[in-house]
Amino acid sequence: NKIDSLADPLAPAFVGVYQPHSADDLHVRDDALYAMGIYGDGVDIVDLSDRSNPTLIARFDYPGSGAHNACGTDDGYLFVGDEIGTGQWTRVFDVRDPHNVELVAEIIVDAGSTVHNCHLVGDRLYLAHYDRGAWVYDVSDPRAPVPVASYETGVSLAWSLYPHLPSGNLLMSDMQQGVFVLRETGLSGAEPPPAATAA
C-alpha cells in the first residue's frame with residue numbers, strides 16, 4: 001500500500017509503503033492506519049507518524065476472517081466489514097488499546113447476505129449490503145448499534161453507500177442498476193427500520 005504526499009495534488013509524490021500481505025482496503029485516522037487482510041490476515045494497526053517508515057503496532061484477527069473494509073469513530077471504535085469470511089457481516093471492535101482489541105458488537109442485517117462498504121458520519125453508520133441494499137445505524141453507543149433506516153432494491157448488488165454530500169443526500173452505487181440517490185426519512189430508531197426514500 002503506497003503512501004503519496006498530496007502537498008501538490010497535481011503531482012503526488014511517493015513517501016513510503018506498507019505491504020506485509022494482501023490488504024484489500026485501508027482506513028486512516030490521524031497517525032493510525034488500519035489495513036484489512038481480506039485473506040484471513042485480520043486487521044493491521046500501523047503507526048503512520050513517520051509516513052516514510054510505517055511500522056506495525058499490532059495485528060488482531062477473528063475466527064474465519066475475511067476483513068474487507070473499515071471505518072472508525074474518534075473515540076476508538078472500528079467497524080469492520082467482512083466480505084469473504086465465514087460470517088460476512090460488520091463487527092465492532094474497541095481498538096483503544098491496540099494490544100488488547102475487543103469485539104464488542106456485531107451488526108448482522110442478514111446472515112445470508114454480504115456487507116460491502118461502510119462510512120461513518122457523526123453517530124450514523126452507513127452500510128452497503130449487496131442484495132439487502134442501503135442500511136443506516138445509529139452508533140451513538142458503538143456497543144449497541146440500532147438500525148434506523150434502510151432501502152432495498154430486492155435483487156441488485158449494493159456496492160457503496162456514500163453519505164458525504166453537502167445536500168445530505170446518499171448515493172448508493174448498485175452493480176446492476178447504477179446509482180440511486182436517497183434521502184434519510186423517519187429516523188426514529190423503530191424496529192423494523194423505516195425505509196429511506198428515493199430523493
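Points worth noting:
- For Gly133, residues with placed amide H under 5 Å, excluding near neighbours: Thr153, Ala158
- Electrostatic dipole magnitude of the chain [Cβ: Lys, Arg +1; Asp, Glu -1; Cα centre; debye, to 20]: 340 debye
- Solvent-accessible area per residue for the chain (1.4 angstrom probe, square angstrom): 47 Å²
- Volume per residue of the convex hull around the Cα atoms, evaluated for the chain, comes out as 132 Å³.
- Carbon and sulfur %, accessible surface of the stretch 20-155 computed with the full protein complex present, 1.4 Å: 43 percent
- Between the stretch 95-148 and the stretch 1-54, the alpha-carbon centres lie 23 Å apart.
- A simple spin-label model places the labels of Ala111 and Asn169 3.9 nm from each other, with each point 7 Å out along Cα-to-Cβ.
- Taking label points 7 Å from Cα along the Cα-to-Cβ direction, Asp8 and Arg29 give a separation of 3.4 nm.
The values are calculated or read from the model by the stated rules, or taken from the named source; none is laboratory data. These numbers were taken from a predicted model, which means no experiment stands behind them. Cβ coordinates were reconstructed from backbone atoms using ideal geometry, including for glycine residues, and neighbour counts include every protein chain displayed. Side chains included, ligands, DNA and RNA excluded: accessible areas come from the protein's heavy atoms. Shrake-Rupley method; radii C 1.70, N 1.55, O 1.52, S 1.80 Å.
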